[in-house]
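Undergrad: The following block contains the structure, expressed as structure tokens.
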Amino acid sequence: MKRLIALIACTFVLGAHAFAFTTTASADEVEPPRATSVAESRATEFRAVSGGQGEDVPGGGLLIAAYASVLVIVLGYVVYLGRLTTGTNRDLDRLQSTIDNKKPAFRDSARGDDGV
Amino acid sequence: MNERTKTASNWPPAFTGLGALTILLSIVSLYFIFFYAPTEEQMGIVQKIFYFHVPSAYAMYIAFVVSSVASALYLWKRDEKFDAVAVAGAEVGLMFCLIVLITGPIWARKAWGTYWTWDPRLTTTLLIGMIYTAFNVLRSFGQAGEAEKKFASALGFMGLLLIPVIHYSVQRWRGQHPTVITNQGGGLHPDMVPALISGFVFFTALCTFLIWARTRAERQRQRLVSLELDAAESGLLEEGT
């Protein structure tokens, strides 16, 4: 127990030092002139646009893909949780009925619920 | 329906209420994102990914911290309840990590012209995802013994050390990842703030709800394993099971 407390204390002390170091370092550093973007810093040539100007990457499709991904992942996880819970309960029922058939008194000793 | 099934299917009112609240918050959040927040000037409509991407990362932090603290408590107390919470936190956190690692590159395709770059924040997020993938894989190999539980708990606790590295990687190392909601740069337009705040509230509720549900499922599984072991030791499962 003492070792664990010492480990936790060391972790927080180191974490606090790391935090202080990062904040002071970022404050002390002289900020170099910020390049506004990688594209701008590397541009070597300018060309006039010809014809209509359009986006080469469609934003709407990407937005739909992102939100659809979130929906699929969350719903998928909820379905997985539902199946896990149902499956576990079914196994518990099956085991319980087996035990009840063989030894009714066993159930009383094994039962327990902590209300989580 | 026997006693055990009744116990499992009787969800506490607070849990049901939290589920309903989470659904309501998702609707409110989507309203603010798509009908209230203005379109961003430079990135256009794809910037709206930000309102789910950032809260997902925040929910990932919550879940991994919960898992790490529960892992440390399990190593200390050896109580199965903490082990169940640690498993739930790691699994839910990994789900949010997956959302972050999918929505981020989709946004980057438009903003940076590439899906992935080895930016410090992206790399450290991938690393913590791999740590908790290892945790989940370790725990998913059938019935975990005491040694596997202890090793996974230590791994989960180690993951906690990486969270500040991810968070401060943007400030400490130069990269391409935006720093819009820190004190650097111009920040958010005032009309975009409600969408982000509602996203944070929604993902906090979703994270809490999922951790709670997964913890209950894990506790049921622990009871099943315990009952199986007790029954086997008593010689009750020798035939017909």
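Undergrad: For segment A:31-116, give me every one of the helices (runs of 4 or more DSSP H) that falls completely inside it and has 3 or more residues that are within 7 Å of chain B (Cβ to nearest Cβ) and modelled with pLDDT of 90 or more.
TA: Where helices (runs of 4 or more DSSP H) fall fully within segment A:31-116 and carry at least 3 residues being within 7 Å of chain B (Cβ to nearest Cβ) and modelled with pLDDT of 90 or more, they are A:59-102.
Undergrad: Moving on to the next point. Among the residues of segment B:73-84, is there at least one that is buried (at least 22 other Cβ atoms within 10 Å of the Cβ) and under 22 Å from A:Thr88 (Cα atoms)?
TA: There is at least one residue in segment B:73-84 that is buried (at least 22 other Cβ atoms within 10 Å of the Cβ) and under 22 Å from A:Thr88 (Cα atoms).
Undergrad: Next up: Are any of the residues in segment B:200-217 in a helix (DSSP H, G or I), of a type in the set (D, E, K, R), surrounded by 19 or more Cβ atoms within 10 Å (Cβ to Cβ) and within 10 Å of another protein chain (Cβ to nearest Cβ)?
TA: yes
Undergrad: Restricting to segment B:79-101, name every residue that is among the acidic types (Asp, Glu) and either part of a helix (DSSP H, G or I) or in contact with a Phe, Trp or Tyr (Cβ under 8 Å, 6 or more places away or on another chain) (or both).
TA: B:Glu80, B:Asp83, B:Glu91 - these are the residues of segment B:79-101 that are among the acidic types (Asp, Glu) and either part of a helix (DSSP H, G or I) or in contact with a Phe, Trp or Tyr (Cβ under 8 Å, 6 or more places away or on another chain) (or both).
Undergrad: So how many residues does segment B:56-78 have that are outside any helix (DSSP H, G or I) and modelled with pLDDT of 90 or more?
TA: Summing the residues that are outside any helix (DSSP H, G or I) and modelled with pLDDT of 90 or more in segment B:56-78 gives 0.
Undergrad: Another question about this same structure. Please tell me if B:Ile181 is at pLDDT 80 or above and over 22 Å from B:Gly89 (Cβ atoms).
TA: Values: at pLDDT 80 or above: no; over 22 Å from B:Gly89 (Cβ atoms): yes.
Against the criterion (at pLDDT 80 or above and over 22 Å from B:Gly89 (Cβ atoms)), B:Ile181 does not qualify.
Undergrad: Could you grab me the full set of residues in segment B:103-128 that are part of a helix (DSSP H, G or I) and out of contact with any His (no Cβ under 8 Å at 6 or more places or on another chain)?
TA: Kept after step one, since they are part of a helix (DSSP H, G or I), are these residues of segment B:103-128: B:103-111, B:120-128.
B:Pro105, B:Ile106, B:Ala108, B:Arg109, B:Lys110, B:Ala111, B:Thr123, B:Thr124, B:Thr125, B:Leu126, B:Leu127, B:Ile128 - these are the residues of segment B:103-128 that are part of a helix (DSSP H, G or I) and out of contact with any His (no Cβ under 8 Å at 6 or more places or on another chain).
Each row is one residue, and each column tells you yes or no for (1) at the interface with chain A (Cβ under 10 Å from one of its Cβ atoms); (2) of a type in the set (A, V, I, L, M).
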| position | (1), (2) |
| --- | --- |
| B:Gly93 | no, no |
| B:Ile99 | yes, yes |
| B:Gly104 | yes, no |
| B:Arg109 | yes, no |
| B:Asp119 | no, no |
| B:Ile128 | no, yes |
| B:Tyr132 | no, no |
| B:Lys150 | no, no |
| B:Ala154 | no, yes |
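Undergrad: State which residue is nearest to B:Phe203 (Cα to Cα) when the search covers only segment B:35-49 and only residues that are assigned to a loop (DSSP other than H, G, I, E, B) and within 14 Å of another protein chain (Cβ to nearest Cβ).
TA: Of everything passing the filter in segment B:35-49, B:Ala37 is nearest to B:Phe203 (Cα to Cα).
Undergrad: When the residues of segment B:218-241 are filtered to those that are charged (D, E, K, R) and assigned to a helix (DSSP H, G or I), which remaining residue is surrounded by the fewest Cβ atoms within 10 Å (Cβ to Cβ)?
TA: The residue in question is B:Glu233.
Undergrad: What are the residues in segment B:224-233 that are within 18 Å of B:Arg139 (Cα to Cα) and more than 7 Å from every other protein chain (Cβ to nearest Cβ), if any? Walk me through it before giving the result.
TA: Residues of segment B:224-233 that are within 18 Å of B:Arg139 (Cα to Cα), as a first pass: B:224-226.
Hits for segment B:224-233 are B:Val225, B:Ser226.
Undergrad: Would you mind finding the one in B:Phe52, B:Phe32 that is facing another protein chain (nearest Cβ under 9 Å), crowded, with 17+ Cβ neighbours inside 10 Å and in contact (Cβ under 8 Å) with a residue 24 or more places away in the chain?
TA: Exactly one of B:Phe52, B:Phe32 is facing another protein chain (nearest Cβ under 9 Å), crowded, with 17+ Cβ neighbours inside 10 Å and in contact (Cβ under 8 Å) with a residue 24 or more places away in the chain, namely B:Phe52.
Undergrad: Related question: Given the conditions (1) within 23 Å of A:Gly59 (Cβ to Cβ); (2) within 10 Å of chain A (Cβ to nearest Cβ), which single one is not true for B:Leu75?
TA: Condition (1) is where B:Leu75 drops out.
Undergrad: Is it fair to say B:Gly93 is buried (at least 24 other Cβ atoms within 10 Å of the Cβ) and without any contact (Cβ under 8 Å) to a residue 40 or more places away in the chain?
TA: It is true that B:Gly93 is buried (at least 24 other Cβ atoms within 10 Å of the Cβ) and without any contact (Cβ under 8 Å) to a residue 40 or more places away in the chain.
The values are calculated or read from the model by the stated rules, or taken from the named source; none is laboratory data. Fair warning: this is a prediction, and the values are worked out from it, not measured in the lab. As a convention, Cβ positions derive from the backbone with ideal geometry for all residues, glycine included, and neighbour counts pool all protein chains shown.
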